[in-house]
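Here the structure is laid out as structure tokens; the discussion comes afterwards.
A short reminder: the numbers here are calculations on the coordinates, not readings from a lab. Model, not experiment: these values are computed from the prediction. Every residue, glycine among them, receives a Cβ derived from its backbone with ideal geometry; neighbour counts consider all protein chains shown.
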Amino acid sequence: MVALPAILLLFIGVVPLEAANILILAPMPLYSHTYAFVAIFKELAVRGHNVTFVSPYPLKDPPPNWRDVEVGYVPYTANSIKTMMDGPYSFYFALNDFCKTLMEKVFQEKLFMEFLEYDTTKYDLLLLESHFCQEPLIAISHKQKIPAVTFQAMSLTPWYSFLSGNEVSLHLQPNMRSPYTNRMSFLQRLHNFFINVLELCIHYYDYIPHQQALMDKYIRYPGYENRPSLLDMLRNTSLTLMDYHFSVGYPEPLLPNVIPVGGLSAKIGEKLPEEFKNIMDNAKEGVVYLNFGSVLNSKQLPEGMLETVLAAMGELNHTVLMKWDQENVPNKPKNVLIRKWYPQPGILAHPNIRIFITHAGLHGITEAPSAGVPVLCVPFFADQEFNSRYAEQAGFGITLLPNELTKESIVNSVVKIINEPRYKENAVARSNILHDRPTPPIDSAIYWIEYVIRHKGAKHLRPARNDLSLYEVLGIDIALFILSIAVLPFLFLILLCRRRATKVKQD
Ligand SMILES: *[C@@H]1O[C@H](CO)[C@@H](O)[C@H](O)[C@H]1NC(C)=O
Ligand SMILES: *[C@@H]1O[C@H](CO)[C@@H](O)[C@H](O)[C@H]1NC(C)=O
Ligand SMILES: *[C@@H]1O[C@H](CO)[C@@H](O)[C@H](O)[C@H]1NC(C)=O
């Protein structure tokens, strides 16, 4: 299986790649960020590279050539859901605090710091999520003198675009922490503009200097004094693998150093364990699957909401499979089965599934249409409302905001989605789009990672604008210059008139 592509590559003149030594740093307790990409990491090992995976989540079934370096799990207190739910502005401040605190805690984790200090392996490539919370770790690519590839568990925002040298459009690119779609009114574009400006400013003026200080304090090695600034190193990453794809998002311009691998988590053909298969097979009225994700749990959900949701589920004639962190919930209706975990891809792929009720995280909003399942979205914070509005616009979902949740609104929305065929039809159409790709996302990820290794960092992919400062990238210097040229004659005129006026007075 491996031989044929290798021969093909030789034939078309691509230098075949020898096995490389790859370091993956993922020390943060951000499982939902890492887990979609683990498929790529494993595949690298399967294809013969030595992979060192530094994280609190060692693999249960590591492939050959895989080395787990297990580091301590750093517990974190998530910002109160309420702060994050207060809209994009307060979300940014909360996120900023969250990342700064978490990074510092990781730097105090003994096993991780020991690894950084004592590991003497020479690597060929560094893979990490350097654009989210873990910026300082990019210094390891300087220490090792190797290129860095960043993986990013979310789609584009202006800040990520700026780091990769991609197009930054403050008014047109809907911010994924906003409630907007790619079709915005004037006022929405104005609001979107301010959200995007806030994002850029908070990162540029507050967040990055803070992370730079952490880097300088904690990552030291011979020669660290002379390394480039944190921002310069981040803007020098060779490649960004992004959990985004136009088939489950809006089409956006991407430069060749940004590789969309969205849809990775949408596995198909996953076998359903016997127990769940029986439940699904026997659900005569069909199955409603409800999962509000791992961040929302019995401690975090706004008061009264669980009761409302359960009462609504009790009204349905369907079998309801609900993922929740506590299996014993008072007043649980008979048709509701609560578990701490469900084999989600298998559940979504079963013919008896009717609807997925989701908080609209990126993975849910990809996995549902991938399996052709319509969604009822209940978004709470971050990119969830953005994803929900997308599902709505694409016609395979309905959105209910937390403050719109009542027993009636939930039942009505569920019944509407199940009874009106267009939701299912649009979900199936999306599924067909999602699976119509020249290369599966995992293969294109591997190809481009190896490309970076083959071409020693692939400097030729790096956009020249990555050497310009933020104000130059945004064209503020040009705007100011033109403005001053336009304004100068008026200033001149005003001055002249004043002179005349005083002269006339004196006379
Ligand atoms: C991969 O690991 C094996 C076993 O430790 C070692 O023999 C081999 O040289 C390594 N390959 C590279 C490219 O470092
Ligand atoms: C459940 O089934 C009954 C009897 O067929 C029907 O009258 C009722 O509308 C159904 N409820 C919902 C929420 O679909
Ligand atoms: C950018 O990365 C290349 C390797 O890909 C390295 O040679 C160069 O020194 C780096 N420059 C900066 C400013 O980090």
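In which sequence would M184, M85 go, from the one with the fewest C-beta neighbours within 10 Å to the one with the most?
With the sparsest Cβ surroundings first, the list reads M184, M85.
Taking 1 over the mean of 1/r across every pair of different Cα atoms in the chain, what Kirkwood radius in Å do you get? Provide the component values of the computation, followed by the final result.
Working: mean 1/r = 0.0400 Å⁻¹.
Roughly 25.0 Å, rounded to one decimal.
As an exercise, identify the chymotrypsin sites (Phe, Trp or Tyr not before Pro) in segment 475-506 lying in DSSP coil whose Cβ has no more than 14 other Cβ atoms within 10 Å. Provide the component values of the computation, followed by the final result.
Working: sites: F481, F490, F492; in loops: none.
Loop-located and lightly packed - none at all.
With each run of n ≥ 4 DSSP H residues scored as -39500 (n - 2.57), what mean residue ellipticity at 222 nm is computed for the chain after dividing by its residue count and rounding to the nearest 500 deg cm²/dmol?
Taken over the chain, the calculation gives -13500 deg cm²/dmol.
If you average the C-alpha positions of segment 409-470 and of segment 305-376 separately, how far apart do those two centres end up, in angstrom?
The distance from the Cα centre of segment 409-470 to that of segment 305-376 comes to 24 Å.
Sort R499, R67 by Cβ crowding within 10 Å, fewest neighbours at the top.
The order, fewest Cβ neighbours first, is R499, R67.
What percent do you get for the relative contact order of segment 248-356 when only Cα pairs under 8 Å and 6+ apart count?
Numbers: 125 pairs, mean separation 37.0, N = 109.
Computed value for segment 248-356: 34 percent relative contact order.
Which one of L483, H171, I365 has its Cα pushed farthest toward the positive end of the charge dipole of the chain, where Lys and Arg give +1 and Asp and Glu give -1 at the Cβ?
In the chain, that residue is L483.
Can you give me the Kirkwood hydrodynamic radius for segment 149-235, using every pair of distinct Cα atoms, in Å to one decimal?
On the way: mean 1/r = 0.0683 Å⁻¹.
Taking the inverse mean of 1/r over all distinct Cα pairs, segment 149-235 comes out at 14.6 Å.
Of the listed pairs K323/K416; K60/K100; K60/K299; K299/K323; K122/K143, which have alpha-carbon separations greater than 19 Å here?
Violating the 19 Å Cα-Cα cut-off are K323/K416; K60/K100; K60/K299.
Given points 7 Å out from each Cα along the Cα-Cβ axis, report the V295 to L468 separation in nanometres with one decimal.
Taking the two extended label points, one gets 3.3 nm.
So what does log10 I(q)/I(0) come out to for segment 336-473 at q = 0.10, 0.13, 0.16, 0.22 Å⁻¹, using the Debye formula with one equal point on every Cα and no solvent?
Calculated log10 I(q)/I(0) at the listed q: -0.49, -0.70, -0.88, -1.31.
Return the sequence-ordered ³J(HN,Hα) values of segment 61-73 in whole Hz as given by the Karplus equation 6.51 cos²θ - 1.76 cosθ + 1.60 applied to θ = phi - 60°, using x for Gly and Pro.
Result, rounded to whole Hz: 10, x, x, x, 6, 9, 10, 8, 10, 7, 10, x, 7.
Enumerate the helices in the chain for which the Kyte-Doolittle hydropathy averages -1.0 or more and the C-alpha atoms extend at least 24 Å along the helix's axis, using complete DSSP H runs. Intermediate values should be presented prior to the final figure.
On the way: long enough: 88-107 (28 Å, 0.26); 476-506 (43 Å, 1.37).
Sorted by number, the helices that extend far enough and score high enough are 88-107, 476-506.
How do I338, I22, I476 rank when sorted from fewest to most other Cβ atoms within 10 Å of their own Cβ?
I476, I338, I22
Mind ordering 36-46, 273-283, 93-103, 381-391 by average Cβ neighbours within 10 Å, highest first?
381-391, 36-46, 93-103, 273-283
Please report, in debye to the nearest 20, how large the charge dipole of the chain is about its Cα centre when each Lys and Arg carries +1 at its beta carbon and each Asp and Glu carries -1 there. Let's see the in-between values first.
Details: 46 positive and 48 negative charges, 201 e Å.
Charge dipole, the chain, about its Cα centre: 960 debye, nearest 20.
Starting at the first residue of segment 334-345, write each ³J(HN,Hα) from the Karplus equation 6.51 cos²θ - 1.76 cosθ + 1.60 with θ = phi - 60°, in whole Hz, x for Gly and Pro.
Listing the rounded values in order: 5, 7, 9, 10, 9, 9, 6, 8, 10, x, 3, x Hz.
Around E225, what is the net charge, scoring Lys/Arg as +1 and Asp/Glu as -1 over all other residues with Cβ under 14 Å from its Cβ?
Values: positive: K143, K217, R220, R227; negative: D216.
Charge balance in the 14 Å sphere: +3.
Using Cα-Cα distances under 8 Å and only pairs 6 or more residues apart, what relative contact order does the chain have, in percent?
Worked out over the chain, it gives 14 percent.
Sorted by mean Cβ packing within 10 Å, highest first, what order do the peptides 447-455, 55-63 take? Before the final figure, lay out the partial values.
Details: 447-455: 19.3, 55-63: 14.2.
The most tightly packed comes first, giving 447-455, 55-63.
Please enumerate, by chain and number, the aspartates and glutamates with C-alpha under 14 Å from the C-alpha of K145, excluding those fewer than 8 residues away in the same chain.
Straight-distance partners of K145: D124.
Toward the positive end of the charge dipole of the chain, about the Cα centre and with charges on Cβ (Lys, Arg +1; Asp, Glu -1), which of F276, M305, I259 goes farthest?
I259
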